[in-house]
Amino acid sequence: MSRKRRTLHVPEPPARPGEQPDFSQLKLPKAGEALKPAVDGDAAEMHDLAFSLVRVLDDKHKAVGDWDPKLDAETLRTGLRHMLLLRIYDDRMQTLQRTGKLSFYMKSLGEEAVAIAQGMALRDEDILFPSYRQPGLQLVRGRDLVDMMCHCISNQRDNAKGRQMPVHYTWREGNFVSISSPVGTQFPQAVGAAMAFAYRGEENVAISWVGDGTAAEGDFHYAINFAAVYRAPVILNVVNNQWAISTHMNISIGGATFAARGIAYGLPSIRVDGNDFLALYAVTQWAAERARQGLGATFIEVFTYRGEAHSTSDDPTRYRPKNEWKSWPLGDPIERLKAHLKAIGEWDNKKHKALEKELNELVIKSYKKAEEFGTLDEGPYPPASTLFEDVYKNELPHLRKQRQQLGV
Amino acid sequence: MSRKRRTLHVPEPPARPGEQPDFSQLKLPKAGEALKPAVDGDAAEMHDLAFSLVRVLDDKHKAVGDWDPKLDAETLRTGLRHMLLLRIYDDRMQTLQRTGKLSFYMKSLGEEAVAIAQGMALRDEDILFPSYRQPGLQLVRGRDLVDMMCHCISNQRDNAKGRQMPVHYTWREGNFVSISSPVGTQFPQAVGAAMAFAYRGEENVAISWVGDGTAAEGDFHYAINFAAVYRAPVILNVVNNQWAISTHMNISIGGATFAARGIAYGLPSIRVDGNDFLALYAVTQWAAERARQGLGATFIEVFTYRGEAHSTSDDPTRYRPKNEWKSWPLGDPIERLKAHLKAIGEWDNKKHKALEKELNELVIKSYKKAEEFGTLDEGPYPPASTLFEDVYKNELPHLRKQRQQLGV
Amino acid sequence: MAQMNIVQAVNSALDTLLERDENVVIFGEDVGYFGGVFRCTDGLQAKHGLHRVFDTPLSEGGIASIAIGMGINGLRPVAEIQFSDYIFPAFDQITNELAKLRYRSGGEYWAPVTFRTPCGGGIRGGHYHSQSPEVYFTHTPGLKVVVVSNPYDAKGLLTTAVEDDDPVIFFEPKRLYNGPFDGDHTAAAKKWDTHPGGEVPEDYYRIPLGEAKVVAPGDDVTLLAWGTMVHVAQAAAARSPTSCEVIDLRSLLPLDLEAIVASVQKTGRCVVVHEAPRTSGYGGELAAQIMEECFWQLEAPVERVTGWDTPYPHTLEWEYFPSQERVMEAIARTMENN
Amino acid sequence: MAQMNIVQAVNSALDTLLERDENVVIFGEDVGYFGGVFRCTDGLQAKHGLHRVFDTPLSEGGIASIAIGMGINGLRPVAEIQFSDYIFPAFDQITNELAKLRYRSGGEYWAPVTFRTPCGGGIRGGHYHSQSPEVYFTHTPGLKVVVVSNPYDAKGLLTTAVEDDDPVIFFEPKRLYNGPFDGDHTAAAKKWDTHPGGEVPEDYYRIPLGEAKVVAPGDDVTLLAWGTMVHVAQAAAARSPTSCEVIDLRSLLPLDLEAIVASVQKTGRCVVVHEAPRTSGYGGELAAQIMEECFWQLEAPVERVTGWDTPYPHTLEWEYFPSQERVMEAIARTMENN
Ligand SMILES: Cc1ncc(C[n+]2csc(CCOP(=O)(O)OP(=O)(O)O)c2C)c(N)n1
Ligand SMILES: Cc1ncc(C[n+]2csc(CCOP(=O)(O)OP(=O)(O)O)c2C)c(N)n1
Ligand SMILES: [Mg+2]
Ligand SMILES: [Mg+2]
């Protein structure tokens, strides 16, 4: 391995446009292989979990191993429904963005299980600090699609009052904290929220997500360090979808795994197959239970692949092979859960088709309804006077003056 | 270990004023126990080194094990001399501070080996990004004490032109980069400097130090992450002296060791006895050699104890047991190296006394000389016009105007 | 009523707030067991418990972000930034997150966080223990900004700041902690017991944000100042042959524009004094607003006496620190235009 | 000469700099293989090599700090901050380190770093893709601050900025990348080929920092602007019945005070236009300096047309964005005082 250096080393991804996708370096443990420690196990004894990969669904679509959460079919079907709805919703919104109905959009394609499985493993009182890539949490908690759409098309019913770009949802009723664009800032905030639960002696947990790219921000370090020091009841997830816009994870990670970063702070640190609904559910449930018992934070690397462009502002064929997602060995979370449900005799193609149809109609109907409250181009928008609201709890004199200057 | 939480967990140190010092939780491996990997070894195979402790000097003051750097007696005596000089210099300056000759001072007591041994294991072309706790590096590289003192007493010959508080040395000739008070900022800067070496294909290394407290800053994370990604020829040290002003390391670290943080980024990560001159020298030499061979960064936790107050602004008896340092099992780096030199028949008490006397005189003589260039209270100071120099390379018009307004 | 210095007044405010509201939590570097490097939280951990007053890792960004998360989740955090020079690692969390949270969420979320932080120079702290970064925060919509100048105000304003549901950056000029300081560093140090602001009620009271205080009435020139500079301005006013009205702004945002305008319309002249560098300091904003509001009454341009546009020096501190003499010269200059 | 937009002009400047000086290195998020989210570094990695133009981890603080270290060790780094809204995680490294390095080391150390960063709104970017944080940096001694308004200036100023041994924060208004924009969002988008600034030499050239440019001569009111607002001001001036002199400041620090004073002494009236929030924006500083320098010539208070003191909205962007109409009203107001 010794070699004289000649100039700066800059890592590159395994393949670029025009080349064949290459996942040959990937080591994928078999489903069921990773051991499941007791919820109150000693973090120092679990290091393996940070270098392995928790998987429950095997090649034959069966649930295997200690991590199988043994969910009933109803729960699994609900998960499938949410994931499917998310995908259909995403497709529709992205299409609408292309026709100018939204100023911007971002999909969860290929990562639907993250928000859905993890969200389902939690309680409604648990507080969510998502990134822009987990809108699916709202579906789990039953948010009305019309409200989500009204935000995305920036009309007068946008509960964020038109202050942010689409997909920057906020939903207090659902304990879904306002998303902000600066990546990573929510991660240590979640730790603070968790500390507040602990302070009051409540059993709830806080949970947050950042991307593989975002793990390089200082906020990442603050979160994991403070979480460890105060044993905050928080679940900290790095969703490693291998890309940060055009930047491959090889530029984000010097070596080891993202999960290994949790070890460094003495946290239980688990690497999990992010396209395996059951594995994600199980790991999250384990972490939540640990937190509720007062045993502190868990760090999770969710290993997945970003199936779509970063956002509608971006063209991934400029920086990665076109068919990379198709070559991705961990597959499609929806297909995998569907196959599992079929394998256990709880689902079939006909039901699936019917569900797709139902959800498609729901999305279309919801969108029609949403447009009744206004559109991006035509309005009605929130009234201009709202521009000056919510800067402070009460309007300050200089803002009153400015509002009057605008004549509203 | 399961327990229902009642309120927020806040870690505490093992002992507070009025209590007995308590190091019973400390696990100290024996000298010679830690294995020494090949310089080009695989970082993933060295995780043990982050949880162990590299020690060379054993209880009988002999150098043992693979990490023994096998230094000749002359080098060891030079090390002893530098450490002793640093301590005498520190004592003198602190005393002078008490009499108002300096506005502020900070000692290295108990940590002298860090700057001296690590500094000696490097080459003069290697660039240093120290914290305020490694002034000893200047002694290794032969800086004139008078110059150091002129900075500390803020007179007209202060090469920093009176811009900073004492102990914020800068010394370009010695490749010693200007120290700044915001802690940790130098850590990732060192990585940038190392990248510049790599860029030009030079063999030099950059090295930086932060404290245990400082490891919580975002800069810490930037440094270690960028160092890993670009395989920068840098040595990143956390000097864990267990205290950050009044804050015990239990508040800084959630679990594991500081060294474990390097593992998380795929770096060779070594925990070393910071009061063992030989161990420190060996580990630094190993890391420097690795960097020179183009194999990238090494992360080192230097485990030691801050023997004195944080600075002259602080009274440690308010937050830790008075005799904690005396109970510290890894002892005093000067005593240990001295004992070793005696054990190998290269030193005796008479020589030591003589050396002490010589260095005392040197410090006193240097101080007299320094005062000739001015004192804190009486000046002469740098002329008032220097206030406006070095803000930019050339004076900008608005600064010219302000200078004229001051009439200088 | 008791005699207090600013350290004690801050401590008393925090003690009272901890008593009255169980959602108040206090944290920061060295604020717990030790009671803070300036001793402002001395004794509070012992009295109120480890979970209410605690030490944090050395990470201003971490401190700011957990404060926000706690604020979102129902607590009322009071975080200390050990020196205001060290607030910058938290700048993103403060300006992009804390300041904008209520707005961006359409009013759904907010975080009632107060940052206390010692600011300013005059203590031979050099480069990194002397800065006055207040103007950065006044340019960030969503934040309120307070700078105190005496113990009475410190307690009253801090109480209001903590109870405010908007985030407040609360500056405590460290040169004033133990006594008033009028810029004359050759004089013996004074204590607060010689100053009316040193009388502080032991009980709970509030001073509203956004109300400036006329600390010395006068007719010919208005002096605007905050923090340490209030004392420098007062001393300069006392020595000056001109009749000066000295106003302590106390809160920079919200700004008591009415009080300023009333005074300048009367005097027709104004000198703003601040320690921060001149360019884009808050003095520029005040000068602009005064011109806007009092253009026809102004007899001379608004003068600014400020720190120079250099980093804060150590040895030459008194050449940097805005002196009584410089204020007097500025007063005289405004009078020349007669 | 070639036709270029700002993206191409920036690219051309960087290309030329890479050719001429082997110490120039370029890095940032997505700037390497992909060529930047705004494509400003397109093709440069392929042409100059992986080690000279490269991607970084997503960490503005990391980017800033390695840039400083490289600068200390002999390189001339040009770092991109993907949006100026995201410069705040690097704020400490920029204000406490980069800006103060030369000063604190008595001139021994410095770091010739340039930060390029897209700023401003008008692209429906909402809260966090529209900010104009330039004033923060003008308040930080040790930094130079440039905001460009057209391709020709962009290349010439960027070249000078990178070759400058002082650190420069270089703002590129993203709304101008592909064409001039005068604030009328209902009009069809224009290209740079209709604008004289779209003519750009392919070779190396420099424009000195600190020289403002009169982009439209006039007699009765001086309009000061930078970045996108230069175009808004010009359009307003063209529509206004008043004869306006429009000045593009180009560099905010160093500031071309002479040019400003010369113009305002002539016109006696001034309107400053900027996109950033009003309070403590750079407009306040300019107003203060103009009052100081031109008090006796001013016929009306300096007017400020700015973004409101709120975060930058998404849906109501055009109610926020300083419009031609608001500029014209301000011009008219200054003329009322006659
Ligand atoms: C502080 C900050 N810097 C830069 C950006 C621009 N940006 C938005 S998303 C993104 C990439 C994020 O990648 P990752 O964290 O992997 O999340 P993913 O998009 O893959 O879910 C970047 C650079 C930002 N939003 N915030
Ligand atoms: C950014 C920043 N925050 C706070 C401080 C104040 N401060 C100076 S030293 C120190 C403690 C540092 O402790 P550690 O990192 O363990 O280093 P040690 O002093 O033990 O060598 C603190 C909090 C600072 N200088 N910079
Ligand atoms: Mg990603
Ligand atoms: Mg320490």
Among the residues of segment C:229-245, is any in contact (Cβ under 8 Å) with a residue 40 or more places away in the chain, surrounded by fewer than 22 Cβ atoms within 10 Å (Cβ to Cβ) and closer than 28 Å to A:Tyr392 by Cβ? no
Quick check: is even one residue across segment B:366-389 in a loop (DSSP other than H, G, I, E, B), of a type in the set (Asp, Glu) and within 14 Å of chain D (Cβ to nearest Cβ)? yes
By residue number, the members of segment B:1-55 that are within 12 Å of chain A (Cβ to nearest Cβ), among the charged types (D, E, K, R) and touching a Ser or Thr at 6+ places or on another chain (Cβ under 8 Å) are B:Asp40
From B:Ala206, B:Ala194, B:Ala198, B:Ala190, grab the single residue that is in the same structural domain as B:Pro130 (by TED's automatic domain parsing), touching a residue at least 60 places away in the same chain (Cβ under 8 Å) and more than 21 Å from the chain's Cα centre (by Cα). B:Ala198
D:Glu60 - would you say it is within 11 Å of chain B (Cβ to nearest Cβ), crowded, with 24+ Cβ neighbours inside 10 Å, of a type in the set (D, E, K, R) and within 16 Å of ligand 1 (Cβ to nearest atom)? yes
Residue count, segment B:201-227 (criterion: part of a helix (DSSP H, G or I) and more than 11 Å from chain A (Cβ to nearest Cβ)): 1
Using the structure shown, decide if A:Ala73 is more than 14 Å from every other protein chain (Cβ to nearest Cβ), in contact (Cβ under 8 Å) with a residue 40 or more places away in the chain and on the phi < 0 side of the Ramachandran plot. yes
Applying the selection to segment A:87-111, what residues are within 14 Å of another protein chain (Cβ to nearest Cβ) and either among the hydroxyl-bearing types (Ser, Thr, Tyr) or not in a helix (DSSP H, G or I) (or both)? A:Gly100, A:Lys101, A:Leu102, A:Ser103, A:Phe104, A:Tyr105, A:Met106
Assess whether D:Tyr152 counts as being away from ligand 3 (no atom under 16 Å from the Cβ), more than 22 Å from D:Arg175 (Cα to Cα), touching a Gly at 6+ places or on another chain (Cβ under 7 Å) and in contact (Cβ under 8 Å) with a residue 24 or more places away in the chain. no
Across segment B:228-254, which residue is nearest to ligand 2 (Cβ to nearest atom) among those that are at the interface with another protein chain (Cβ under 7 Å from one of its Cβ atoms) and under 26 Å from B:Gly41 (Cβ atoms)? B:Ala228
For segment A:315-332, pairs from a residue that is in the same structural domain as A:Leu57 (by TED's automatic domain parsing) and in contact (Cβ under 8 Å) with a residue 60 or more places away in the chain to a residue that is assigned to a helix (DSSP H, G or I) and surrounded by fewer than 18 Cβ atoms within 10 Å (Cβ to Cβ), with Cβ under 9 Å and 6 or more apart or across chains, are A:Pro321/A:Ser327
Taking A:Val114 as meeting all but one of (1) within 20 Å of A:Pro380 (Cβ to Cβ); (2) aliphatic (A, V, I, L, M); (3) away from chain D (no Cβ under 11 Å), write down the number of the exception. (1)
Considering segment A:158-200 alone, what residues qualify as being small (Gly, Ala, Ser) and either part of a strand (DSSP E or B) or within 7 Å of chain C (Cβ to nearest Cβ) (or both)? A:Ala160, A:Ser178, A:Ser180, A:Ala190, A:Gly192, A:Ala193, A:Ala196
I'm told C:Tyr109 meets every condition in (1) within 8 Å of another protein chain (Cβ to nearest Cβ); (2) buried (at least 23 other Cβ atoms within 10 Å of the Cβ) except one. Can you identify the failing condition by its number? (2)
Just wondering, is there one or more residues in segment C:118-127 that are buried (at least 24 other Cβ atoms within 10 Å of the Cβ), β-branched (Val, Ile, Thr) and over 18 Å from D:Thr140 (Cβ atoms)? no
Go over the candidates D:Glu299, D:Glu325, D:Glu329 one by one and state the one that is away from chain A (no Cβ under 14 Å) and farther than 25 Å from B:Lys401 by Cα. D:Glu299
Odd one out for A:Ser313 among (1) at pLDDT 95 or above; (2) out of contact with any helix residue (DSSP H, G or I) (no Cβ under 7 Å at 6 or more places or on another chain); (3) of a type in the set (Gly, Ala, Ser): (1)
Output the residues belonging to segment A:6-54 that are buried (at least 18 other Cβ atoms within 10 Å of the Cβ) and among the hydroxyl-bearing types (Ser, Thr, Tyr). A:Ser52
Looking at segment A:243-277, which of the residues that are surrounded by fewer than 24 Cβ atoms within 10 Å (Cβ to Cβ) and part of a loop (DSSP other than H, G, I, E, B) is farthest from ligand 3 (Cβ to nearest atom)? A:Gly266
Only residues that are of a type in the set (Ser, Thr, Tyr) and away from ligand 1 (no atom under 16 Å from the Cβ): list them for segment A:220-277, please. A:Tyr230, A:Tyr265, A:Ser269
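The values are calculated or read from the model by the stated rules, or taken from the named source; none is laboratory data. Please read these numbers as outputs of a predicted model, since none were measured by experiment. Please note: Cβ atoms are built from the backbone with ideal geometry, for glycine as well, and neighbour counts cover all protein chains shown.
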